[in-house]
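Heads up: the structure comes next, in structure tokens.
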Amino acid sequence: MAITRIEGRRVQEEIKFRVARDSALARTFTTEGTALIHGESIPYRTICEDVVFEDPSGKPLASIFIYSYFRRDKEGENRPVAFAWNGGPGSSCIWLHMGMLGIKRIKFQDPLNVNTRPPFEVEDNPHCLLDICDFVFVDPVSTGFSQIYDHEGAKAFLGHTQDAYSITCMIEYWLTKYNRWNSPRFLYGESYGVTRALQMSYSMMLGGGKAKLIPINGMILMGAALQEANDPSVKYREDTVLNLPMFAATNWWYDREGKGSLEDFQKEAMRFAEDEYVRALFMGNRLSREEKEHIGERLSYFTGVEKQFFLTHHLRMDRNQFRIQRLPGKNIGYYDTRFFMDDTDQAGMPDMLPDDEAMGQFSVGYANVYNGFLRGFLGIDDNRPFVAVNDYTNAMWDERYDRSTTECLVAALRRNRSMRVFFIGGCYDMSGGTYNTRQILSQLDIPREQYWLKEYEGGHMPYIGEAGARPMEEDLRRFFAEALSR
């Protein structure tokens, strides 16, 4: 997806909405309970509510729906809080809310062979972080339980700058309403939510042309989408080089005999990518026949794809080619390469969400649990529809921006040397790519001590399955502690 750069003031001048402070359309739903987190009973309160936006004349346009989780026995203006959202950009917060961070999560007996039909199960989330931090989950305009009151007016929210500004306004409203201006604050974004968080690091300083000056202590960026930024500092890119560690991890998953551990095999692939492979692609047809044969053999070893494919395709292979070539007769999942389906040309044009070999499997469970369980658990007792992912939002998205995601990142860390950023990836994620992110970060003027970069055994949502969720929770706890100690 291309991103178009324009003068930022032009977009800001087009923003014509504000938070309605006392809207009759806003509803609030409150519950209380106790969660057992690592053997400790944690009393909590949830407040789910509409944050309504209006135009300058006071006409309601749309709302953002938020789910706030407070630890009741440690309430106070200094308590840390994390604002969390997913991607899309037309996605609700369903995945982080019921997958990794909430009190409850969807239960998968086998996370790689999930149930795709009712009944679905829910369980206590063993990785909940409410003991150390309050959470606010966000359904942006047009997603989840958020509402649209004026369809033409709501289009004003659908764009990089507009979206970041609306959520910035929501956070400003939340900090005031709950007297939390002195709380350490974090932004937690997944997938496009990474782009959203990085754009917000700019918007929270200067949003809508106004110096809001809302600092943040840290960001957690999962399934990082830094590769979407057309930043002039990132000059050399060879996609097959950057994808090779992910190809290798997938190959190891399907055939690990003689390859050692996953970690060792990926490191071996990285060494090859950075040394022999990048040189071979640079040399092109200046390679000797023997050199080209050698590189083809090594690529076949790391990817599991026949050597002849690479010899025929100039030693390169894109992600879609890999999805088809690695398991002949099958299509490998884009969001998690451990999932696959039979190849067919009789199912019509595939849709990214329901027809993806991974996302199409576990997403139906999330949506049904949200509608069937979470409404009652959180006391949301109205009949509004829940929209897990709004494809209309993706189609209507305004790609204009002032600063790219990497420029926002560099600027935020340059302004605040105490700020910390945690990049999280899944080694089987074809849509993100930790190695890709590592390469971009290596080209930026960012002190190494200001960011963490970790990859886990999982896909785009590496918290599906304990192999990724358990070590991720441990690292998140360390990250929060380190960021809060600055």
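The values are calculated or read from the model by the stated rules, or taken from the named source; none is laboratory data. On a predicted model such as this, the values are computed, not experimentally measured, just so you know. No Cβ is skipped: glycine too gets one built from the backbone with ideal geometry, and neighbour counts run over all protein chains shown. What goes into the accessible areas is simple: the full protein's heavy atoms, side chains included, and nothing from ligands, DNA or RNA. Shrake-Rupley method; radii C 1.70, N 1.55, O 1.52, S 1.80 Å.
Summary of values
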read-out: Search result, residues across the range 312-347 that are part of a loop (DSSP other than H, G, I, E, B), in contact (Cβ under 8 Å) with a residue 40 or more places away in the chain and hydrophobic (A, V, I, L, M, F, W, C); value: 315, 317, 327, 339
read-out: Any chance residue 399 is in contact with a strand residue (DSSP E or B) (Cβ under 8 Å, 6 or more places away or on another chain), open to solvent by 30 Å² or more (accessible area, probe 1.4 Å), under 23 Å from residue 245 (Cα atoms) and among the acidic types (Asp, Glu); value: no
read-out: Filter result for residue 352 (outside any strand (DSSP E or B), aliphatic (A, V, I, L, M) and modelled with pLDDT under 85); value: yes
read-out: Residues satisfying the stated conditions in the range 363-395, i.e. open to solvent by 50 Å² or more (accessible area, probe 1.4 Å), charged (D, E, K, R) and in a helix (DSSP H, G or I); value: 391
read-out: Strands (runs of 3 or more DSSP E) contained entirely in the range 19-117, each with at least 2 residues that are among the charged types (D, E, K, R); value: 40-54, 104-107
read-out: Filter result (at pLDDT 85 or above and small (Gly, Ala, Ser)) within the range 1-40; value: 20, 23, 24, 26, 33, 35, 39
read-out: Residue, modelled with the lowest pLDDT, within the range 241-261, restricted to residues that are crowded, with 20+ Cβ neighbours inside 10 Å and polar (S, T, N, Q); value: 243
read-out: Residues of the range 64-90 that turn out to be open to solvent by less than 10 Å² (accessible area, probe 1.4 Å) and modelled with pLDDT under 95, as a count; value: 4
read-out: Residue count for the range 157-212, restricted to those that are of a type in the set (Ser, Thr, Tyr), open to solvent by 20 Å² or more (accessible area, probe 1.4 Å) and in a helix (DSSP H, G or I); value: 4
read-out: Test: residue 297 is open to solvent by less than 80 Å² (accessible area, probe 1.4 Å) and assigned to a helix (DSSP H, G or I); value: no
read-out: Counted residues, the range 146-156 - those being in a loop (DSSP other than H, G, I, E, B) and touching a Leu at 6+ places or on another chain (Cβ under 8 Å); value: 3
